[in-house]
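Chemist: Got a structure for you, questions after.
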Amino acid sequence: MDIKIAIFDLDDVLCRYDLGARLRALARISGKMPRDIRAAIWDSGFEDAADAGRYRTAPEYLSEFARRLGHEITRAQWVEARRASIVPWPDMLVLARKIAAHKRVALFTNNGPLMKDSLPEVFPEAAEIFGADCYFSYEFLTKKPDPECYRRLLRHLGIAAEDAWFTDDKKSNVDGARMAGLKTHHFVSHQALRKEALQLHLIPA
């Protein structure tokens with residue numbers, strides 16, 4: 001099996017995603033209660049719609065984010081709150097860099113246009129590792145785990161499904177990728193991922 005590209009999820013694969021920290025940061029900005037922010041932004045389906053391409057530009061997304069938040073929020077404030085949610089995992093970043101030294105790597109995350117626009121500020125380590133091969137579900141007008149989002153990504157990459165290896169912490173996303181024909185890994189730990197990367201000759205022994 002000759003894998004041509006290793007595709008990584010972002011949150012809870014390369015870093016721990018701390019939604020609580022993000023909600024607290026937004027609460028400080030807006031004066032709202034974290035539970036009310038979660039209801040307005042996440043439980044309402046807004047973020048899911050954004051991930052699936054409802055908002056095509058960062059300003060459009062941010063405007064609707066502010067409307068639902070019930071408080072004006074600048075791009076810098078949004079970035080600050082999103083950055084607060086990122087707790088990088090150094091061992092995973094090292095592993096991604098090692099794979100990148102031998103194979104093409106890509107990032108594929110369920111996120112909207114402002115995250116794409118601000119990734120170098122929110123998570124500079126990921127932006128540096130993956131470079132131009134950072135992809136966001138909104139670009140494909142659907143989101144994981146829809147198998148079609150993986151097919152659209154692969155067409156964009158010019159890679160056959162059987163030549164791609166995808167890892168994600170959510171089993172449903174892994175199942176969707178497998179349905180699209182990709183080789184997959186359900187992420188549970190750095191050790192397990194490294195073991196499979198060795199077996200696939202993505203990194204030297």
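Just so you know, all these numbers are worked out from the coordinates, no wet-lab data involved. Because the structure is a prediction, the values reported are computed rather than measured. Neighbour counts are summed over all protein chains in view; Cβ atoms, including those assigned to glycine, are modelled from backbone coordinates with ideal geometry.
Chemist: For segment 136-153, in order, what is each residue's ³J(HN,Hα) by Karplus, 6.51 cos²θ - 1.76 cosθ + 1.60 with θ = phi - 60°, in whole Hz (x at glycine and Pro)?
Modeler: 10, 4, 4, 5, 10, 6, 6, 9, 4, x, 4, x, 5, 5, 6, 4, 5, 4
Chemist: Then there is this: Roughly speaking, what is the centre-to-centre gap between segment 110-150 and segment 59-102 when only Cα atoms are used, to the nearest Å?
Modeler: Distance between centres, Cα-based: 10 Å.
Chemist: Under 5 Å between amide hydrogens, which residues at least 5 positions from residue 104 or on another chain qualify, with H placed 1.01 Å from N in the peptide plane?
Modeler: Those qualifying (amide H under 5 Å, at least 5 residues apart or on another chain) are 6.
Chemist: If each of residue 12 and residue 94 carries a label point 7 Å out from its Cα toward its Cβ, how far apart are those two points in nm?
Modeler: In this crude spin-label approximation the distance works out to 2.5 nm.
Chemist: Does segment 53-148 come out rounded, prolate or oblate, given a ≥ b ≥ c as the square roots of the eigenvalues of its C-alpha gyration tensor, rounded meaning a/c under 1.5 and, failing that, prolate meaning a/b above b/c?
Modeler: On the way: a/c = 2.60, a/b = 1.52, b/c = 1.70.
Here segment 53-148 falls in the oblate category.
Chemist: All other residues with a Cβ under 14 Å from the Cβ of residue 54 taken together, and with Lys, Arg as +1 and Asp, Glu as -1, what is their net charge?
Modeler: Details: positive: 56, 67, 68, 143; negative: 47, 48, 51, 60, 64, 139.
Residues close to residue 54 contribute a combined charge of -2.
Chemist: Shifting gears a bit: Using +1 at the C-beta of Lys and Arg and -1 at the C-beta of Asp and Glu, which of 61, 25, 135 has the Cα lying farthest in the positive direction of the dipole of the chain?
Modeler: Ranked along the dipole, the leading option is 25.
Chemist: What are the ³J(HN,Hα) couplings of segment 194-205, residue after residue, when phi is run through the Karplus curve with 6.51, -1.76, 1.60 and θ = phi - 60°? Round to Hz, x for glycine and proline.
Modeler: Values, residue by residue: 4, 4, 5, 4, 5, 4, 8, 6, 7, 9, x, 5 Hz.
Chemist: Working from Cα positions, state the angle (0 to 90°, nearest 10) between the long axis of helix 75-84 and the longest principal axis of the chain.
Modeler: Computed tilt is about 60 degrees.
Chemist: Please enumerate, by chain and number, the lysines with C-alpha under 26 Å from the C-alpha of residue 195, excluding those fewer than 8 residues away in the same chain.
Modeler: List returned: 4, 98, 103, 144, 170, 171, 183.
Chemist: Ranked by Cβ crowding within 10 angstrom, fewest neighbours first, how are 179, 115, 33 ordered?
Modeler: Working: 179 16, 115 24, 33 11.
So the residues, fewest neighbours to most, are 33, 179, 115.
Chemist: I've got another one for you. Based on the alpha-carbon gyration tensor of segment 1-50 and its eigenvalue square roots a ≥ b ≥ c, which shape applies: rounded if a/c is under 1.5, prolate if not and a/b is larger than b/c, or oblate?
Modeler: prolate
Chemist: Take 170, 143, 195 and order them by how many other Cβ atoms sit within 10 Å, fewest up front.
Modeler: Ordered by Cβ neighbours within 10 Å, fewest first: 195, 170, 143.
Chemist: Continuing with this model, one more query. Does segment 139-205 classify as rounded, prolate or oblate by the C-alpha gyration tensor (a ≥ b ≥ c root eigenvalues; a/c under 1.5 gives rounded; else a/b over b/c gives prolate, otherwise oblate)?
Modeler: Oblate.
Chemist: Pairing the Cα long axis of helix 113-122 with the longest principal axis of the chain, what angle in degrees results, from 0 to 90 and rounded to the nearest 10?
Modeler: 80
Chemist: Quick one: dipole size for segment 9-80, taken about the Cα centre, charges +1 on Lys/Arg Cβ and -1 on Asp/Glu Cβ, in debye to the nearest 20.
Modeler: Dipole of segment 9-80, to the nearest 20 debye: 340 debye.
Chemist: Once the Cα atoms of helix 90-100 and of the chain are each reduced to a long axis, what angle between those two axes, in degrees from 0 to 90 to the nearest 10, is obtained?
Modeler: Its long axis makes an angle of about 50 degrees.
Chemist: Based on the alpha carbons, how large is the Rg to Rh ratio for the chain when Rh follows Kirkwood?
Modeler: That ratio is 0.98, to two decimals.
Chemist: How big is the equivalent ellipsoid of segment 94-205 along its three axes, where each semi-axis is √(5λ) from the Cα gyration tensor, reported in whole Å from largest to smallest?
Modeler: The equivalent ellipsoid of segment 94-205 has semi-axes of 21, 18, 13 Å.
Chemist: Averaging over all projection directions, find the projected area of the Cα convex hull of segment 18-84 and quote it in nm² with one decimal place.
Modeler: For segment 18-84, averaging the hull's shadow over all directions gives 4.0 nm².
Chemist: Can you give me the long-range amide H partners of residue 89? Hydrogens built in the peptide plane at 1.01 Å from N, cutoff under 5 Å, separation of 5 or more residues or another chain.
Modeler: 15, 16
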